[in-house]
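In what follows, a structure is listed as structure tokens, so that the remarks can point back to it.
The values are calculated or read from the model by the stated rules, or taken from the named source; none is laboratory data. Note that the structure is a prediction, hence the values are computed from the model and not measured. Every residue, glycine among them, receives a Cβ derived from its backbone with ideal geometry; neighbour counts consider all protein chains shown. Only protein heavy atoms, including side chains, enter the accessible area calculation; ligands, DNA and RNA are left aside. Shrake-Rupley method; radii C 1.70, N 1.55, O 1.52, S 1.80 Å.
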Amino acid sequence: MAKAFPEGFLWGGSTAANQIEGAWNEGGRGPATSDFARLITKEIRDTEGSFDEHVSHNAASKEMVEDMKAHPENWTLPKRWGIDFYHTYKEDIKLFAEMGFKVFRMSISWSRIFPNGDDAQPNEEGLQFYDNVFDELHRYGIEPLVTLSHFDTPLHLAEKYGGFASRHTTDAFVRYAETVMTRYKGKVKYWLTFNEINNVLSNPFTSSGVILDGAPTPNSCNNYLGHWQLKFQAVHNQFIASALAVKKLHEIDPEAKMGNMLCRLENYAESSKPEDQLQVMFEDHFNWFFTDVQATGQYPYYMKRFFDENDIHIEMGPDDMRILKEGAVDFITISYYMTYIMRYKGSPVPQPTGRLVSDIKNPHLPKSEWGWTIDPIGFRITLNRIYDRYHLPIFISENGLGAIDKFSEDGRIHDDYRIDYMRAHVEQLREAIADGVDVFGYAWWGPIDLVSSGTSEITKRYGMIYVDQDDYNNGTHARSKKKSFYYYKKLIASNGADLENNVTFED
Ligand code: P53
């Protein structure tokens with residue numbers, strides 16, 4: 001057996017309200033941007049084409065949202081039903097407890113609390129729902145780690161203000177944050193502001209409620225490049241929202257901690273040409289940027305050139321720099337799925353790609369069925385680089401493998417590929433900790449099958465718990481344990497020491 005992880009290490013799983021809860025129009029909840037993310041199946045990707053293997057979150061134009069509202073019957077919108085966690089949370093949390101979870105990362109659906117985002121009073125039924133969820137978690141000694149905004153801005157704020165393009169949305173967010181941080185004081189110790197805040201560059205609508213003009217192609221947001229002025233303004237307004245939430249949390253509950261959440265893009269040069277390495281530096285900057293601001297409370301030097309050369313002017317309030325400075329986060333969180341390859345684009349002037357999936361493949365690495373490279377060593381590298389840069393404790397808020405699961409003849413899912421992925425990543429996580437990196441928890445993305453963020457498929461399964469439903473919500477919705485369930489349970493019970501895959505369904 002290998003060495004155990006540090007005592008008290010938080011093993012667990014990670015989800016988002018918009019991908020599990022369903023019940024989109026129950027309990028007083030208002031519509032959110034995620035309710036307008038259409039299903040993008042493999043057939044659609046193959047016939048209509050896509051920018052990446054992964055297609056971005058669609059519904060980027062006013063026209064599309066209007067059409068979805070007027071003719072919902074023409075669209076498949078799976079985030080509206082999720083996996084029905086709104087009704088099954090007790091049963092699902094019981095299964096997490098059986099695996100031995102110490103932490104459950106989840107998000108609050110903003111429009112369950114403020115149905116329009118800017119209502120005079122919060123919706124008590126929504127507040128009560130999360131009280132129930134937190135109480136249920138604590139019954140089993142599971143610590144909730146809660147994201148305030150995970151790709152589900154209230155639709156009303158998107159339509160009225162263009163989401164975070166306007167400072168009105170910042171104000172609405174701060175009120176929402178204050179409401180829930182006060183209500184759940186003592187129940188929630190760990191908070192995150194915005195999920196994968198860098199996603200605004202590729203998916204402005206779902207992540208930030210920014211609606212762009214112009215007609216996107218039907219299968220995806222064709223605006224993932226450009227629109228920098230608008231997107232970086234939205235980013236700035238989110239930074240302010242985040243900083244104010246940090247400050248408020250410290251006032252409300254000095255014991256509680258607030259983290260950031262970055263979709264960490266670790267980049268390798270395609271060759272040993274210095275130009276390719278320069279491109280890595282550019283792309284790195286556009287990824288670090290978000291955490292640089294949230295962790296240090298300052299805009300990094302390298303953005304000035306990009307803003308100047310692209311005529312980007314961020315509108316800032318007189319107190320903004322002070323607010324940022326006072327609102328630096330307490331800890332760092334990342335999602336880590338894959339690494340990327342960079343090739344020089346021929347310009348010495350930095351430009352972000354705005355992509356979340358690299359278009360150049362690494363010949364040395366295997367890929368998932370969705371084309372995401374599998375790179376456990378990259379995980380160790382990225383953890384070292386992050387720690388080296390910020391010297392703050394790190395929590396892994398997402399890591400996982402989306403795959404097609406099939407039942408074997410014994411009626412079970414032997415998902416050894418998922419176990420292999422997890423083992424390899426946890427092994428590298430242990431190496432990073434041995435290197436001296438301060439990591440205090442690891443949350444597997446989608447411990448129970450859920451609706452994919454990027455494509456709204458459930459057939460892109462991440463779970464150790466199988467949910468019997470297809471992309472159109474047909475099925476019994478019954479939960480069953482995959483082989484990885486037993487693996488993770490054993491791994492947690494040994495505090496990370498038992499990495500061998502010798503589990504059976506009888507364990
Ligand atoms: P899905 C792109 C690339 C890496 C992570 O993603 C990403 C995305 C956006 O789709 O998002 C995070 O479901 C996100 C989760 C999401 C998960 O990764 O597209 O925080 O909401 O489900 C996996 O396979």
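Assorted remarks:
- Region 452-481 and region 362-377 have their alpha-carbon centroids 23 Å apart.
- Cα gyration tensor category, rounded, prolate or oblate, for region 459-504 with a/c compared to 1.5: prolate
- Cα gyration tensor shape of region 295-335, rounded if a/c is under 1.5, else prolate or oblate by comparing a/b with b/c: oblate
- Extension gain, Lys273-Thr179: 0.36 nm per intervening residue step, less the Cα-Cα distance, totals 28.6 nm.
- For region 77-153, the Stokes-Einstein estimate of translational diffusion at 20 °C and a viscosity of 1.002 mPa s comes to 159 µm²/s, using the Kirkwood hydrodynamic radius over alpha-carbon pairs.
- One chain, two ends: Ala120 and Ala97. Fully extended at 0.36 nm per residue, the span grows by 4.5 nm beyond their Cα-Cα distance.
- Potential extension, Ala4-Ser480 segment - 0.36 nm per residue separation minus Cα distance: 168.5 nm
- Average silhouette area of region 384-507, convex hull of alpha-carbon atoms, in square nanometres: 8.6 nm²
- On the basis of the beta-carbon distance and an R0 of 30 Å, Lys187 and His87 show a calculated FRET efficiency of 0.90.
- Reducing region 268-288 and region 411-451 to their Cα centroids gives an inter-centroid distance of 27 Å.
- Where region 131-203 is the region considered: accessible area per residue in Å², 1.4 Å probe: 29 Å²
- Sequence-ordered 3J(HN,Hα) estimates for region 257-262 from the Karplus curve with 6.51, -1.76 and 1.60 and θ = phi - 60° stand at 10, 10, x, 8, 8, 10 Hz, glycine and proline given as x.
- Value of D in µm² per second that Stokes-Einstein yields for region 311-376, Kirkwood Rh from Cα pairs, at 37 °C (0.692 mPa s): 204 µm²/s
- Kirkwood radius and radius of gyration were both taken over the C-alpha atoms of the chain, and their ratio Rg/Rh is 0.93.
- Theoretical FRET efficiency, 1/(1+(r/R0)^6), r = Cβ-Cβ of Lys406 and Ile381, R0 30 Å, to 0.05: 0.35
- Backbone amide hydrogens, once placed in the peptide plane, bring Leu10 within less than 5 Å of Gly441, Tyr442, excluding anything fewer than 5 places away on its chain.
- These residues, Glu270, Glu63, Glu506, go from largest to smallest accessible area, 1.4 Å probe, as Glu506, Glu63, Glu270.
- Cα shape, region 393-463, gyration tensor, a/c 1.5 rule: oblate
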